[in-house]
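The values are calculated or read from the model by the stated rules, or taken from the named source; none is laboratory data. Everything numeric in this text was worked out from a predicted model, so none of it was measured. A quick note on method: Cβ atoms are made from the backbone with ideal geometry, for glycine too, and the neighbour counts reach across all protein chains shown.
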Amino acid sequence: MLKDYYSQSPENIEKELDTNVQLGLSSAKAKERLEKDGFNALATEKGKSMLARFIDQFKDFMIIVLLIAALVSGVVAGEWTDAGIILFVVLMNAILGVVQEARSEAAIEALKKMTTPVAHVRRDGQVLEVPSTELVKGDVVLLEAGDVVPADLRLTTTESLKIEEAALTGESVPVEKDKSLISKADVALADRVNMAYSSTNVTYGRGEGIVVATAMETEVGKIATMINEADETDTPLKQSLNQLGKTLTWMILGICALVFVVGILRNPANESQTSLMIDMFLIAVSLAVAAIPEGLPAIVTIILALGTQTMAKHKAIVRKLPAVETLGATDIICSDKTGTLTQNKMTVEKIYYDGQLHDASEVVDANSDVMQTMLLANDTKLRADGLLGDPTETALTQFGLDKGINVADLLETKKRVQEVPFDSDRKLMSTVNKNGDKYYVAVKGAPDELLKRVSNLSDKEKENILLANQKMAQNALRVLGLAYKEVDKPFEEVNSQNIENNLIFAGLVGMIDPERPEAKAAVAEAKAAGIRTVMITGDHQVTAQAIAERLGIIEKGQSKRVLTGSELDKMDDAYFKEHVSDYSVYARVSPEHKVKIVKAWQANEKIVAMTGDGVNDAPSLKQADIGIGMGITGTEVSKGASDMILADDNFATIVEAVKQGRKVFSNIQKAILYLMSCNVGEVITVFIMTIMGWDVLQPVQLLWINLVTDSLPAIALGVEPVEDGIMNRKPRGRKSNFFSGGVASSIVYQGILEGVLVLIVYTLGLHIGPHVADPKLQHGDALTMAFLTLGLIQLFHAFNSKYVHQSIFRKHTFQNKWFNWAIVISAIIMAAVELPFLTNVFKVTELDLDQWLAVLGTGCLMIIIVELVKLVQRKMGKE
């Protein structure tokens with residue numbers, strides 16, 4: 001039973017849990033407790049054993065029918081060889097199903113581990129980032145706005161700390177926390193203000209607390225004694241695939257029933273009715289098993305999972321499998337400016353001194369007053385792991401370092417003795433530094449305020465300085481003025497009036513958070529792909545416009561494409577929805593505006609991706625079709641609300657993820673095209689054979705084809721590399737599906753073509769070969785040729801499926817080594833039935849060279865005909 005820690009003092013809890021608020025646990029003690037208590041994670045549904053998964057493979061309706069068919073074949077008809085082959089195929093299908101399922105779940109589990117939230121804890125006196133699952137009782141956790149509380153904590157420090165606990169209490173208003181002891185007993189959960197509970201969200205301030213409960217002992221663990229986060233297993237994508245499978249199943253079962261009835265009606269007079277019924281029953285069942293794409297959902301899951309792993313290598317961590325497919329359909333990318341499109345690092349770009357504006361790349365005298373002032377009037381701390389301080393000041397220090405100045409030596413030589421800190425009213429800061437026998441006063445701040453305190457300039461010079469300031473500001477640069485003077489001794493009274501007067505103007509420095517080098521190319525690539533980039537920022541309109549112009553989001557001077565938050569507030573929702581396409585840049589907006597922007601685009605049937613990093617971004621991330629959280633600067637709340645997380649906070653990574661999403665969608669289409677067209681070919685072949693009264697492919701033959709051709713080639717198509725020009729295509733649209741873009745028509749005509757070619761080979765087999773003179777064997781040759789053609793033509797056709805409309809005759813066709821090996825291995829297994837000791841098992845004859853040439857030539861003919869159709873389609877503009 002969990003104790004009422006809210007009624008205990010932190011000192012008592014420290015003693016009970018053997019910890020220390022100042023130092024935290026030792027690493028050794030934390031490891032020992034983790035081994036004893038287990039991971040800090042809610043219980044999940046216990047995974048199935050390999051045996052249970054294997055048994056599940058035999059619960060499928062069609063597999064049960066097939067097992068009955070094997071029993072009937074052996075016991076009633078005495079065809080124990082057929083029964084053995086059927087059971088072998090069923091066994092192999094079950095093994096492949098288990099492997100596919102295990103690979104899918106392993107990939108999903110790997111993704112979950114990649115997105116495990118981190119917690120900031122104090123251990124061994126150091127603040128560390130550790131996965132929240134590794135927290136143990138006694139750990140000291142540090143909280144700040146945006147964090148998800150990783151375990152139940154007794155708070156020891158609270159500084160304006162507010163936590164939203166709606167998940168536990170139903171109260172939507174954040175609770176203001178207080179570390180003080182609560183002396184009352186039986187205090188309601190919502191009133192335990194000195195506690196922070198697992199899975200609640202920190203919305204404001206910061207705090208610290210001791211972990212008093214983890215995993216299932218937490219309050220949220222009491223509510224949910226079992227949770228399974230694998231929602232990917234029942235997604236709309238998989239539901240649609242399952243629905244497709246059911247529809248096809250009933251259609252194919254209808255055809256199989258028709259095959260059975262027609263076969264019975266065409267009963268030769270010399271064949272027993274019982275034997276015929278058994279044969280036709282086995283053929284119908286085998287055809288159904290071969291024709292129904294029961295492995296399609298598993299193959300799609302594998303392709304999606306492999307796609308997520310590829311994206312992870314490109315720094316895009318996908319949290320939900322269906323997001324991979326949705327990414328490929330993205331129309332609009334709404335991106336934050338700072339840190340995503342820009343480097344989130346202020347950089348010096350221009351310097352004005354000696355009456356001229358200079359580029360930052362030019363040589364600057366290290367001893368000049370402009371350099372001395374920017375480095376001395378600066379609070380940046382130089383540390384072994386980098387610069388620490390205000391971004392503006394660190395930019396000035398970094399500029400000095402880039403110019404080869406030994407900043408540490410300068411600060412040591414000219415030690416600061418006095419200072420007047422920055423004040424928002426006067427907009428200046430000053431330092432007084434020892435400089436030999438004299439003292440150097442360095443002042444930086446707003447140019448207009450600084451010039452009021454400068455005494456060495458004429459009105460004309462001041463006018464030129466203000467013009468330079470204006471020019472830099474119009475280019476979105478943040479401008480600081482620099483001035484100095486030398487005095488004989490320190491000031492008796494340190495204040496602005498004494499220090500910041502009679503200054504000598506040193507110069508101006510213009511800084512900007514520059515665009516990422518790769519961002520401009522990424523915006524251009526997105527534009528070529530028909531994807532519109534919309535920039536959203538809290539910066540001023542001028543800054544937003546300048547960065548957008550530099551990135552190519554808008555053309556230079558297109559201020560009408562920039563909308564401010566205040567202007568957006570004044571717009572009617574209906575009007576904004578109608579005119580949302582007029583704007584590409586939003587300035588001075590709050591996170592709440594993002595939801596309005598997303599909804600407006602979605603009302604225009606666009607698929608929207610939205611980036612976010614703050615707590616308040618969660619609603620827009622959830623509203624967007626693809627919510628994209630920031631891995632570096634993002635809060636745990638924003639990451640939790642996202643479908644995808646950028647490990648590098650980089651816009652170019654979003655575009656790369658879209659490319660990979662398009663690849664995944666394309667590869668799923670290829671697998672569906674291949675499987676469905678092959679199944680159509682099989683159904684047509686057996687159906688026409690039955691209608692015409694010809695010899696019909698045997699159950700073991702149909703099942704063997706299904707085993708050989710349905711798994712390896714289809715999965716291999718799922719790892720095809722990105723097609724050339726895939727980012728030159730327009731987004732496919734919200735209403736598209738896997739059968740769009742000519743896939744449905746290709747399935748139909750290619751399946752019919754496959755069946756027709758097999759039937760032609762069967763007819764040809766009646767007239768060529770060494771057994772034509774022997775009427776007892778000629779049908780055996782024809783059926784063998786049809787069997788091998790049906791199997792091998794599907795492997796030839798797998799090459800056709802690499803491109804829906806493009807020609808396969810290109811250098812990248814054989815780039816996928818997995819596909820190449822899949823075809824080779826499948827072809828060897830398929831042709832192995834011609835080995836002398838297997839011919840009786842599979843009821844085939846040994847073919848001569850002419851017959852093999854006919855079989856292989858037909859496979860080549862399948863490629864040639866499909867290539868000609870594709871050529872015509874491209875000429876007609878259906879690409």
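Results for (1) out of contact with any His (no Cβ under 8 Å at 6 or more places or on another chain); (2) under 30 Å from His314 (Cα atoms), shown as yes or no for each residue.
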site: Gln669; (1), (2): yes, yes
site: Ser677; (1), (2): no, no
site: Ile691; (1), (2): yes, no
site: Val696; (1), (2): yes, no
site: Pro699; (1), (2): yes, no
site: Ser711; (1), (2): yes, yes
site: Ile715; (1), (2): yes, yes
site: Gly725; (1), (2): yes, yes
site: Pro731; (1), (2): yes, yes
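Among the conditions (1) at pLDDT below 90; (2) part of a strand (DSSP E or B), the only one that Val324 does not satisfy is (2).
Mind checking which residues of the range 621-639 are part of a helix (DSSP H, G or I) and in contact (Cβ under 8 Å) with a residue 60 or more places away in the chain?
Start the filter on the range 621-639 by keeping residues that are part of a helix (DSSP H, G or I), which leaves 621-623, 636-639.
Answer for the range 621-639, where residues must be part of a helix (DSSP H, G or I) and in contact (Cβ under 8 Å) with a residue 60 or more places away in the chain: Glu636, Val637, Ser638, Lys639.
All told, Thr342 falls short of being surrounded by 23 or more Cβ atoms within 10 Å (Cβ to Cβ), touching a Phe, Trp or Tyr at 6+ places or on another chain (Cβ under 7 Å) and not aliphatic (A, V, I, L, M).
Restricting attention to the range 528-549, which residues are in a helix (DSSP H, G or I) and either under 20 Å from Gln602 (Cβ atoms) or touching a residue at least 60 places away in the same chain (Cβ under 8 Å) (or both)?
Scanning the range 528-549 gives Ala528, Val542, Thr543, Ala544, Gln545, Ala546, Ile547.
Got a sec? Which of Ile864, Ile808 is in a helix (DSSP H, G or I) and either in the same structural domain as Val700 (by TED's automatic domain parsing) or in contact with a strand residue (DSSP E or B) (Cβ under 8 Å, 6 or more places away or on another chain) (or both)? Ile864 is the lone residue from the list that is in a helix (DSSP H, G or I) and either in the same structural domain as Val700 (by TED's automatic domain parsing) or in contact with a strand residue (DSSP E or B) (Cβ under 8 Å, 6 or more places away or on another chain) (or both). Within the range 819-830, can one find any residue that is surrounded by 14 or more Cβ atoms within 10 Å (Cβ to Cβ), within 21 Å of Leu861 (Cβ to Cβ), of a type in the set (Gly, Ala, Ser) and touching a residue at least 12 places away in the same chain (Cβ under 8 Å)? Yes: the range 819-830 contains one or more residues that are surrounded by 14 or more Cβ atoms within 10 Å (Cβ to Cβ), within 21 Å of Leu861 (Cβ to Cβ), of a type in the set (Gly, Ala, Ser) and touching a residue at least 12 places away in the same chain (Cβ under 8 Å). Scanning the range 157-179 for any residue that is closer than 26 Å to Phe39 by Cα, in a helix (DSSP H, G or I), modelled with pLDDT of 65 or more and not aliphatic (A, V, I, L, M) turns up at least one such residue. Taking the stated definitions as given, is Leu396 surrounded by 14 or more Cβ atoms within 10 Å (Cβ to Cβ) and farther than 18 Å from Glu486 by Cβ? Spelling it out, Leu396 is indeed surrounded by 14 or more Cβ atoms within 10 Å (Cβ to Cβ) and farther than 18 Å from Glu486 by Cβ.
Tell me the residue from Ala574, Ala609 that is out of contact with any Gly (no Cβ under 7 Å at 6 or more places or on another chain), assigned to a helix (DSSP H, G or I) and either buried (at least 18 other Cβ atoms within 10 Å of the Cβ) or modelled with pLDDT of 90 or more (or both), please.
On the way: Ala609 fails: assigned to a helix (DSSP H, G or I).
Exactly one residue qualifies, and that residue is Ala574.
Residue count for the range 543-564 under the criterion of being more than 21 Å from Phe651 (Cβ to Cβ) and either modelled with pLDDT under 90 or aromatic (Phe, Trp, Tyr) (or both): the result is 3.
If the requirement is being within 29 Å of Phe739 (Cα to Cα), acidic (Asp, Glu) and surrounded by fewer than 22 Cβ atoms within 10 Å (Cβ to Cβ), which of these qualifies: Glu834, Glu867? Can you show your working first?
On the way: Glu834 fails: within 29 Å of Phe739 (Cα to Cα).
Criteria check complete, one pass: Glu867.
Name the one entry in Asn367, Asn378 that is modelled with pLDDT under 95 and crowded, with 18+ Cβ neighbours inside 10 Å. So that I can check it myself, show each step before the final result.
Values: Asn367 fails: crowded, with 18+ Cβ neighbours inside 10 Å.
After applying the criteria, what remains is Asn378.
The residues on offer are Met346, Met311, and the sole one that is more than 21 Å from Val719 (Cα to Cα), at pLDDT 75 or above and not β-branched (Val, Ile, Thr) is Met346. Please indicate, with yes or no, whether at least one residue in the range 491-506 is at negative phi, assigned to a strand (DSSP E or B) and surrounded by fewer than 23 Cβ atoms within 10 Å (Cβ to Cβ). Yes: one or more hits. Scanning the range 456-490 for residues that are of a type in the set (Asp, Glu) and part of a helix (DSSP H, G or I) gives Asp459, Glu461, Glu463.
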